[in-house]
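The values are calculated or read from the model by the stated rules, or taken from the named source; none is laboratory data. A quick note: this is a predicted structure, and the numbers were derived from the prediction, not measured. Ideal geometry is used to build each Cβ from the backbone, glycine not excepted, and the neighbour counts take in all protein chains shown.
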Amino acid sequence: MYDLIVIGAGPGGYEAAAHAARMGKKVLLIEKEKVGGTCLNVGCIPSKTFLRSSELFHECGEAAKFGVRLGGSVEFDMPAVVERKNRVVGTLVKGVETMLKRAGVESVTGQARIVARNAVQVGDQRYETANILLATGSRPAVPPIPGIASKSVLDSNSVFALDRVPKTVAIIGGGYIGLEFACFFSEAGAKVNVYEMLPQIATGADLEISTRMLQILKRQGIEFHLSTRVLGIEGNTIRYSADGSEASATADCILNATGRAPVVEGLGLEELGVDFGPRGVKTSGRGKTNVPGIWACGDVTGRRMLAHAATREGIVAVNNMFGKKDRIRYAAIPAVIYTHPEVASVGRTEEELKAQGVEYRKSVVPMAVAGRFLVEHEGGTGMVKVLAGARYGEILGVHAIGDASSEFIVAAAIMIETEMGVSEAGEFVFPHPTVSEALREAILGVH
Amino acid sequence: MATAVEVPKLGNTVEECLIAKWRKHKGDRVSAGEVVAEIETDKATFEVTAPVDGTLLETFFEEGTLVPVFTNLFVIGEAGENVDAFRPKAAAPAAQPAATKTASAPGAAEPARASAAAPAAAARASTAFSPRAQRFAEEHNFHPAAVSGSGPGGRVLEDDLRKLYHSQRPSSTAQRHIEAGEEVRDDGSGVAGMILSSDLGPAAARISGIREKIARRMRESLAATAQYTLNSSADASGLLRVRAKVKAAKGGPDININDLVTFCTVKALLDVPDLNAEFFDGKIRRHAEIHIGFACDTPRGLVVPVVRNAHLLSAAELSVKIKELAERAISGSIAVDDLSGATFTVSNLGNFGVESFTPLINPPQVAILGVDAIQLKPIRRDGKIEFIDSIGLSLTLDHQVIDGAPGAKFLKVVREKIEKVESICTI
């Protein structure tokens with residue numbers, strides 16, 4: 001009899017399992033594939049190793065601007081890039097496995113099926129438990145486009161096994177996944193076309209930021225087809241319509257980056273009456289599903305498909321199931337798009353504030369106000385935008401484009417999470433010289 | 001230096017406490033923490049302990065006395081010290097005026113201010129706080145209205161305050177909301193229990209003087225009477241025909257349905273005078289004059305203007321009088337005399353579509369008639385089902401003096417008057 005069975009060993013599940021075990025609970029963690037989930041194996045970490053390699057390759061071309069001359073030819077060695085990715089992933093997966101063992105979490109590999117409110121079956125083995133935490137994550141979405149499911153179309157799983165850089169790449173979807181791969185392939189030397197159904201890229205991001213991002217990525221040579229609907233894929237040909245007329249294009253490689261869908265099948269959720277739909281399992285802010293004893297966290301809930309949100313949701317669920325009141329506050333979850341330049345944001349966008357009728361003040365400063373940004377980037381561009389409440393000056397949203405905004409966005413998250421006003425936030429001392437000083441300038445600029 | 005100990009404020013609503021028992025008596029040696037007195041509120045018994053070692057120099061009240069909170073209860077010091085400075089009635093200690101004021105004049109603004117100042121005084125002087133807790137309260141300017149102590153005898157320790165302080169700390173934005181008049185509605189939902197602006201809501205507003213008066217009268221009404229309501233209905237076609245005639249005859253007084261029903265009620269009271277009466281002190285007083293009160297909704301709340309000698313008025317005169325009084329009630333210019341002395345009351349919610357309700361008697365009156373909406377009602381006539389316009393009537397009576405049968409009889413008379421309205425009122 002376990003206190004908790006966690007289904008899925010991604011960043012939602014494994015952190016929750018370890019947290020419960022450290023509380024002295026008897027915990028079983030069931031994973032059908034690899035510990036680490038999407039994030040470690042086919043998501044955050046592999047894509048960042050790819051992007052680091054492509055960035056370095058791209059920087060070699062820029063080295064002369066920094067007074068560094070490279071002799072001979074610079075080549076992008078895709079098998080070596082994949083090999084490095086595997087090494088990094090291997091190290092991290094091993095780290096998680098060790099951590100789980102130390103915490104005292106028991107692990108089982110296999111497909112789990114919930115057979116009762118208090119029992120989970122893996123193969124022939126039945127495990128009894130007081131609580132179940134669903135952390136089954138998500139998989140690449142397959143929209144109803146003819147031909148998109150064919151083997152010739154890559155998705156964000158299979159793309160990591162490429163053995164060479166294609167000459168031309170067509171990416172379906174201009175969200176964060178599509179944009180990161182667009183950036184990678186472009187820097188690695190491919191000609192990239194991005195097809196996006198909506199009139200903007202990175203939907204959900206602050207429009208001023210995503211518009212700037214579009215300009216920058218276009219300048220890097222990526223071609224964007226916005227308000228464009230992909231009609232079908234045949235072999236290497238992609239058929240699409242825009243402005244009422246149809247066209248087609250060919251590419252060595254076609255990548256489906258249309259988003260992610262929660263994994264809810266084969267778990268026995270229907271039989272138990274767990275409330276879920278195509279957008280995931282429904283949960284309360286404390287991680288409860290409608291069925292007592294069954295909890296959920298991460299992508300499977302369809303709330304915020306972000307590893308760090310999953311981790312927090314898992315820990316919140318564990319705390320609540322064992323009597324410690326806790327809740328996740330979605331208002332201050334940072335999100336990053338790891339393109340070059342990076343886009344990092346937390347809190348509400350200007351468009352959201354307008355739609356909600358919130359009166360706000362705003363301040364936008366160029367990244368170049370921070371000396372360090374000029375030092376690091378030759379001809380780089382970026383900006384930080386701070387949105388604050390009109391009446392009390394509480395920070396409502398911070399949106400940045402420019403490297404390395406992902407490393408300091410957490411400061412803004414803390415300000416938002418603690419409802420800090422611009423006057424208090426302006427009292428913080430930021431280290432000099434760092435890019436983060438642009439955030440300080442933007443905060444001080446809110447009048 | 002002598003130390004005075006006050007009656008602590010033991011809850012938001014507690015204004016005075018009963019001295020249940022003196023455990024120590026004048027002249028006894030006491031040590032810090034020893035229980036000196038037991039005091040009671042309407043809810044529970046509490047112990048008041050000595051804050052310091054010394055001699056119990058004076059106990060100011062007898063057992064069984066009700067004492068306002070923050071009034072000095074006893075004094076501890078060295079034998080021979082003068083305690084006159086602490087005597088409650090003479091030189092008043094700092095907190096006493098607030099308590100006295102609250103007790104004598106429960107006006108709108110005063111209690112709010114008193115309760116804001118009160119916890120500070122409690123933290124400073126109450127025996128319920130340990131010295132370190134008192135210091136913490138002072139240092140952090142933190143004086144919660146209620147805090148449960150984990151120390152001996154419910155004594156509040158520094159740790160109790162510290163925990164509460166951290167659990168209640170508002171974010172800087174929430175603090176600004178609080179300063180702008182909002183108050184904490186929920187547990188802190190932020191990091192480590194921090195209070196966020198989403199945990200706040202509009203501060204509870206004290207009800208207006210007139211609302212307070214309505215509230216008291218309604219409570220008294222329910223407490224002092226044995227109310228029950230009879231529901232019936234009358235054929236309203238006569239009322240509607242008269243009304244149509246009034247409308248057609250332009251220039252005359254605009255007699256409406258409510259005026260007509262009030263008129264019919266007056267006529268019914270003439271037939272059944274038992275209900276035109278007041279009951280108090282075990283005595284019934286019947287009135288020869290009929291002064292009709294009518295419930296009137298105004299921007300300041302419910303008021304009940306009174307039409308004097310309504311039995312002497314024609315329907316048109318009654319209508320004019322009602323409108324005149326209602327206008328003055330709504331504009332706030334009505335005289336106090338026009339709001340008292342009713343012998344019977346009519347309350348009309350029919351124009352809101354109410355089909356039946358329970359009007360509350362305005363004591364010492366013994367009945368009130370509620371007028372409901374006009375609705376279609378099926379009746380059987382000559383073996384056929386027909387629909388007629390029917391007006392609902394809800395009569396609340398005080399069963400102490402009016403039993404069901406006489407009440408129903410009056411209602412029947414009202415019904416008959418309404419159905420014959422064309423013959424009793426001339427337009």
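Can you tell me which residues in segment B:168-199 are in a helix (DSSP H, G or I), within 7 Å of chain A (Cβ to nearest Cβ) and farther than 16 Å from A:GLY389 by Cα?
B:VAL191
In segment B:385-404, which residues are of a type in the set (Val, Ile, Thr) and more than 30 Å from the chain's Cα centre (by Cα)?
B:ILE385, B:ILE388, B:ILE391
Can you report the number of residues in segment B:240-285 which are free of Cβ contacts under 8 Å to residues at least 12 places away in the same chain and surrounded by 18 or more Cβ atoms within 10 Å (Cβ to Cβ)?
Counting residues in segment B:240-285 that are free of Cβ contacts under 8 Å to residues at least 12 places away in the same chain and surrounded by 18 or more Cβ atoms within 10 Å (Cβ to Cβ) gives 0.
Return the only residue of A:ARG286, A:ARG260, A:ARG304, A:ARG279 being over 20 Å from A:GLU31 (Cα atoms) and in contact (Cβ under 8 Å) with a residue 40 or more places away in the chain.
Exactly one residue qualifies, and that residue is A:ARG286.
Which residues, counting only those in segment A:240-269, are more than 28 Å from the chain's Cα centre (by Cα), loosely packed, with under 13 Cβ neighbours inside 10 Å and not hydroxyl-bearing (Ser, Thr, Tyr)?
If the condition is that a residue be more than 28 Å from the chain's Cα centre (by Cα), loosely packed, with under 13 Cβ neighbours inside 10 Å and not hydroxyl-bearing (Ser, Thr, Tyr), then A:ASP243, A:GLY244, A:GLU246 are the ones that fit.
Which is at pLDDT below 85, closer than 28 Å to A:TYR330 by Cβ and away from chain A (no Cβ under 14 Å), of B:LYS213, B:LYS163?
None of the other options fit; the residue is B:LYS163.
Sort out which residues of segment A:409-431 are away from chain B (no Cβ under 14 Å) and in contact (Cβ under 8 Å) with a residue 60 or more places away in the chain, and write them in order of number.
A:ILE409, A:ALA412
Let's see how each residue does on (1) among the aliphatic types (A, V, I, L, M); (2) over 25 Å from the mean Cα position of the chain (by Cα); (3) assigned to a helix (DSSP H, G or I):
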{"residue": "A:GLU271", "(1), (2), (3)": "no, yes, yes"}
{"residue": "A:ASN290", "(1), (2), (3)": "no, yes, no"}
{"residue": "A:ALA309", "(1), (2), (3)": "yes, no, yes"}
{"residue": "A:ARG312", "(1), (2), (3)": "no, no, yes"}
{"residue": "A:VAL318", "(1), (2), (3)": "yes, no, yes"}
{"residue": "A:GLY323", "(1), (2), (3)": "no, yes, no"}
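For segment A:379-392, check the following and say yes or no: at least one residue is on the phi < 0 side of the Ramachandran plot, out of contact with any helix residue (DSSP H, G or I) (no Cβ under 9 Å at 6 or more places or on another chain) and within 14 Å of chain B (Cβ to nearest Cβ).
Checking segment A:379-392: at least one residue is on the phi < 0 side of the Ramachandran plot, out of contact with any helix residue (DSSP H, G or I) (no Cβ under 9 Å at 6 or more places or on another chain) and within 14 Å of chain B (Cβ to nearest Cβ).
What about B:GLN175, is it at pLDDT below 70 and under 21 Å from A:GLU417 (Cβ atoms)?
The answer is no for B:GLN175.
Filter segment B:178-190 for residues that are at pLDDT 80 or above and exposed (fewer than 14 other Cβ atoms within 10 Å of the Cβ) and give the result.
B:GLU179, B:ALA180, B:GLY181, B:GLU183
Scan segment B:200-235 residue by residue and report those that are among the aliphatic types (A, V, I, L, M), part of a loop (DSSP other than H, G, I, E, B) and surrounded by fewer than 13 Cβ atoms within 10 Å (Cβ to Cβ).
Answer for segment B:200-235, where residues must be among the aliphatic types (A, V, I, L, M), part of a loop (DSSP other than H, G, I, E, B) and surrounded by fewer than 13 Cβ atoms within 10 Å (Cβ to Cβ): B:ALA204, B:ALA205, B:ALA226.
With out of contact with any Leu (no Cβ under 6 Å at 6 or more places or on another chain), surrounded by 23 or more Cβ atoms within 10 Å (Cβ to Cβ), at pLDDT 95 or above and over 25 Å from A:MET213 (Cα atoms) as the only criterion, which of A:ALA310, A:ALA296, A:ALA344 stands out?
A:ALA310
Is it the case, given these coordinates, that B:SER148 is among the hydroxyl-bearing types (Ser, Thr, Tyr) and either over 28 Å from A:THR418 (Cα atoms) or under 34 Å from the mean Cα position of the chain (by Cα) (or both)?
It is true that B:SER148 is among the hydroxyl-bearing types (Ser, Thr, Tyr) and either over 28 Å from A:THR418 (Cα atoms) or under 34 Å from the mean Cα position of the chain (by Cα) (or both).
Show the residue pairs that are 6+ apart or on different chains and have beta-carbon atoms under 7 Å apart, the first residue being within segment A:319-334 and at the interface with chain B (Cβ under 9 Å from one of its Cβ atoms), the second being part of a helix (DSSP H, G or I).
A:ARG327/A:VAL316; A:ARG329/A:GLU417; A:ALA331/A:ILE416
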